[in-house]
Every structure is written in structure tokens, then in C-alpha cells.
């Protein structure tokens, strides 16, 4: 199966520019997705239409270590760019430290990233990707799946995830970043 790392990176950067991987730029995102493609703890789901990537989802079965593993697998290749951002951009430095320290503490699979091309939103692509992630987690005998949304995106995320059977489980802080966690039990 050919790598979709370039296409995933482009769409991720266009739709989630404030995410930590996106802040390191396109070259880093490509390496990020190459690293994830080779991971036994993550699965990338994607939707293509007319040979164009229109949606992607990163499902992690080890979310508590995802940030640390990806950073350590990719940081050497991007040490100069990382060092400049780390030393000069306080918000980036804070997000990076929080990702390493806090990570995720969910014991079940977590949807780490979900992104759909803006022109394709509202057409069921995100719904199909999330349902595929649920089906994979069920097939691996997990009983629950989690997803976190930034608190400033709470209205749209709440409507989307509750329509898919998720329930809001907590509002929290990962360092200075406020988030809302949703989960879906598979026994319902």
C-alpha cells in the first residue's frame, strides 16, 4: 500500500493549523505521518474521492504515549526547526511541554486527529471515518473509544460526537489547553 503521508500532511495542515504537529510545518507533518504509518499502535483511516484525499483520522491504541513516541521518532530530523520554534515561540514551547508531560490518560483507543477538507464537511465523511474507527476498536475487543476536542470548538464537536453516540465525559485541562473529552461505550 503506497504511503499517503504527503496528502495526509497537506490536509492536516490546512484543517488543523493550530495542532502541535502542524506548527512544525509541512516537512515535519510528512515525517509524522510516515512514522505513524509504521506504528503498530496507530491506524490511519482516510477517505478518497476522485483520487483526492478529503478526510483523515488517526486512531491510537496507545494514546498515553503517542505524543512522546512521535516526538522522539521524528525530532532528530527536525532539530534545527524545532529548536528555533521552541526557543522563540512561547505558545509552541508550552504546547510541546504539555504534550510530553500530560499526553492522554485514556486506557482505551482514542481518536487523536480527525480532519475533513472544508469543501467536503457536512457530507458524512467525518461520520464514516469515526464509524470505521469504532468498528476497528470493537473488532479488537475494546469496550470504549475516546476523543478530545478543544473547548473553543465545543459546540460543533458536541453536536457531531453526540449524534454518533458519544457522551461528554469530562472537561479538563492539559496544562493550559482546555478540552472536552467524549467517550462511546460499545455495550450500548
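Here are the numbers:
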| read-out | value |
| --- | --- |
| Label-point separation in nm, residue 18 to residue 139, each point 7 Å along Cα→Cβ | 3.5 nm |
| Length added when fully stretched, residue 52-residue 6, from 0.36 nm per residue minus Cα-Cα | 15.4 nm |
| Computed FRET value (nearest 0.05) for residue 186 with residue 62, which takes r as the C-beta separation and R₀ as 22 Å | 0.70 |
| Efficiency of FRET between residue 26 and residue 119 - r from beta-carbon atoms, R0 22 angstrom, step 0.05 | 0.65 |
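No value in this document is a laboratory result; all are computed from the given coordinates. Owing to the predicted nature of the structure, the values given are computational and were not obtained by experimental measurement. Using ideal geometry, Cβ is built from the backbone for each residue, glycine included, and neighbour counts are taken over all protein chains shown.
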